[in-house]
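S.K.: Provided herewith is a single structure, encoded as structure tokens, for subsequent inquiry.
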Amino acid sequence: MATPEAVAEKRELAGINADYKEKFGFHDPESGYAYKAPKGLSREVVESISEYKDEPQWMRDFRLKALDHFYSRPTPAWGGNLGQIDFDDIHYFVRASEKNSRDWSEVPDDIKNTFDRLGIPEAERKFLSGVGAQYESEVVYHQVNEKLEAQGVIFTDMDTALREHEDLVREYWATIIPPNDNKLAALNSAVWSGGSFVYVPAGVKVEMPLQAYFRINTENMGQFERTLIIAEEGSDVHYIEGCTAPVYSTDSLHSAVVEIVAKPSSRVRYTTVQNWSQNVFNLVTKRAVAHEKATMEWVDCNLGSKLTMKYPSIYLLGPEAHGEILSIAFAGEGQHQDAGGKIIHAAPRTSSSIFSKSISKDGGRATYRGLLEVADGATESRSKVVCDALLLDEDSRSDTYPTIRIDENDADVGHEATVSKIGDEQIFYLQSHGLDEEEASKMIVNGFIEPVTKELPMEYAVELNRLIELQMEGSIG
Amino acid sequence: MTDTAATTIPVCPLTELEPGAMRLVEHDGMKIGVFNCDGTLYAIEDRCSHDDGPLAEGGFDAAACTVECPRHGSLFDLTSGRPKTLPAYAPVRTFAASVVDDNIVLEV
């Protein structure tokens, strides 16, 4: 018999689960919006975005060239079904507010209330070094700890960075992900707006994380933020991003580009808790370079969206650089999480690991897609890839596409993959210890993802566990 | 693998490769792009180090002396063969180009 606490927890889970819509899936009126581009993509739309932002000529040229790349490339036929996306049925630029503020009280009421409901100002007060809040196409709030600012740390939105630090932006812009890298990177390069710019000077350690929160409000919206992080020699920074959107019956598109440069002996950790509503296509290109003795870590949690295609990558370009990718994907009904990671060892004595965990339920599909490459000359390099998939029922699906290329004899590479299903024996064993079926199932799932959650700051680990419990509700047939 | 002496191969009369122009030549099954960067000649193997696709017919910026891989956008410095942007990270082969009797020749 279930304990009163378990019954209450069950009720609470049922309540939360019924309501992505209420908790995250609500939307605000658009009456106060400053500008909303008509649906569809064209040269005129791209030029108007650039003109609206009063950009330098080189950026306008960059956008238009990227648009040509987008038009000239075929839609990828691998991964998920991208043929479902109607690129003409999307608003490519929506400005909700004329102002990017450093004071929450100056943010328009509807937008501020939204971020209040999502807990962003509270998180800033409690445990963050800086916050950026993007609503639709642009950042409406940005703040960074004054002490960090005094140390030369720059944490601002990308539009502001282009205006105030143009030379710095231009030096690194698209050097990690060129506009012609792939079709979606080309699209982002043509219509990008918002995102974060982070610059950490040599030797500066940013003790508490910087966070950006991305919110889509409009129906048929395209959000195309662009983030660039530069960690100078010996610096240290942790950047966290989260995202949600309203529940609509029609589709939206999120296609970001994230570029990271980790200079010698620096450390960058980039954590994502992706929880888009299930009408959002999430097609993101993320890539980092790690120079000598630098450490780059991606912690990538994909819970929401209709289809995610995202494979954060790390190029280990300097000797003794280290890269880690922790990927977790949860695919529920109607969802396809096509996630994974790529690591390229291009220098001696580099080391890396990829740990991927996926959970599929209610007919959801989780795919691990990864690349591990050891280049000729990357002697004494070491890497380990582990992919574990957990299927919660007969209708769900898990696929693994690991690619390993080794062009160096003096390297140590390991790969392990498991697919498991929650079995009646496991449930029965835990029930014999007093747990009911749902508690037993949750415990198994929590144990399965624990290697990922233990890497998150406490607040995010709690949130991730809660979200997964929310997704787990009703999973026992 | 044994070293072999460089072979000199003809490209074309200098007058046929104007500043800002590129010409492809083939030698022993290998394609080579010869570029005129505002009067200075450079030559690289026509093979991107990222995925072995053709490279030399990508966007050529004579002022910056770079060529952009048409497949995934890596920008290569023609003076050194080194990539200036990802996804390529390894250099491509370069060859010495010179002018002999008003004709461009390569050492391969």
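The values are calculated or read from the model by the stated rules, or taken from the named source; none is laboratory data. Remember, it's a predicted structure, so these values are computed and weren't measured experimentally. Every residue, glycine among them, receives a Cβ derived from its backbone with ideal geometry; neighbour counts consider all protein chains shown.
S.K.: Regarding region A:402-414, can at least one residue be identified that is within 24 Å of A:Gly80 (Cα to Cα), of a type in the set (Asp, Glu), in contact (Cβ under 8 Å) with a residue 12 or more places away in the chain and surrounded by fewer than 21 Cβ atoms within 10 Å (Cβ to Cβ)?
M.R.: no
S.K.: For region B:51-87, how many residues meet the condition of being within 10 Å of chain A (Cβ to nearest Cβ) and either surrounded by fewer than 19 Cβ atoms within 10 Å (Cβ to Cβ) or in a loop (DSSP other than H, G, I, E, B) (or both)?
M.R.: Adding up the residues that qualify gives 12.
S.K.: Is region B:3-26 home to any residue that is outside any strand (DSSP E or B), of a type in the set (Asp, Glu) and buried (at least 20 other Cβ atoms within 10 Å of the Cβ)?
M.R.: no
S.K.: Hey, another quick one. Considering each residue of region A:129-147, count those that are more than 27 Å from A:Arg95 (Cβ to Cβ) and either touching a helix residue (DSSP H, G or I) at 6+ places or on another chain (Cβ under 9 Å) or buried (at least 21 other Cβ atoms within 10 Å of the Cβ) (or both), and give that number.
M.R.: Looking only at that region, the number is 1.
S.K.: Would you check which residues across region A:332-368 are of a type in the set (Val, Ile, Thr) and modelled with pLDDT of 95 or more and list them?
M.R.: A:Ile343, A:Ile344, A:Thr350, A:Ile354, A:Thr367
S.K.: Do we have any residue at all in region B:91-104 that's within 14 Å of chain A (Cβ to nearest Cβ), within 25 Å of A:Phe62 (Cα to Cα), out of contact with any strand residue (DSSP E or B) (no Cβ under 6 Å at 6 or more places or on another chain) and touching a residue at least 40 places away in the same chain (Cβ under 8 Å)?
M.R.: yes
S.K.: Pull up region A:253-304, narrow it to residues that are within 10 Å of the chain's Cα centre (by Cα) and among the charged types (D, E, K, R), then point me to the one that is farthest from the other protein chains (Cβ to nearest Cβ).
M.R.: Among residues in region A:253-304 that are within 10 Å of the chain's Cα centre (by Cα) and among the charged types (D, E, K, R), the one farthest from the other protein chains (Cβ to nearest Cβ) is A:Asp300.
S.K.: Give region A:212-240 a look and list any residue that's within 17 Å of A:Gln151 (Cβ to Cβ) and within 16 Å of the chain's Cα centre (by Cα), or say none.
M.R.: Within region A:212-240, A:Ile229, A:His238, A:Tyr239 meet the criteria.
S.K.: If you scan region A:309-324, which residues turn out to be touching a strand residue (DSSP E or B) at 6+ places or on another chain (Cβ under 7 Å), away from chain B (no Cβ under 14 Å) and free of Cβ contacts under 8 Å to residues at least 40 places away in the same chain?
M.R.: Matches in region A:309-324: A:Lys310, A:His322, A:Glu324.
S.K.: Still on this structure: Can you pull out every residue in region A:391-421 that is among the aliphatic types (A, V, I, L, M) and more than 26 Å from A:Met309 (Cα to Cα)?
M.R.: A:Ala411
S.K.: Out of the residues in region B:88-108 that are touching a Cys at 6+ places or on another chain (Cβ under 9 Å) and assigned to a strand (DSSP E or B), which is nearest to A:Tyr172 (Cα to Cα)?
M.R.: B:Ile104
S.K.: Still on this model: Go through A:Glu149, A:Glu171 for me and flag whichever is assigned to a helix (DSSP H, G or I) and away from every other protein chain (no Cβ under 14 Å).
M.R.: That would be A:Glu149, the only listed residue that is assigned to a helix (DSSP H, G or I) and away from every other protein chain (no Cβ under 14 Å).
S.K.: With respect to A:Glu146, determine if the residue is acidic (Asp, Glu), at negative phi and more than 22 Å from the chain's Cα centre (by Cα).
M.R.: Judged against the criteria, A:Glu146 is a match.
S.K.: On to the next question. Looking at A:Ile120, A:Ile111, A:Ile90 in this structure, which one is under 20 Å from A:Thr285 (Cα atoms) and crowded, with 17+ Cβ neighbours inside 10 Å?
M.R.: Of the residues listed, the single one that is under 20 Å from A:Thr285 (Cα atoms) and crowded, with 17+ Cβ neighbours inside 10 Å is A:Ile90.
S.K.: Related question: Could you pull out every one of the helices (runs of 4 or more DSSP H) wholly within region A:21-120 that has 1 or more residues that are touching a Pro at 6+ places or on another chain (Cβ under 9 Å) and aromatic (Phe, Trp, Tyr)?
M.R.: A:57-72, A:109-117
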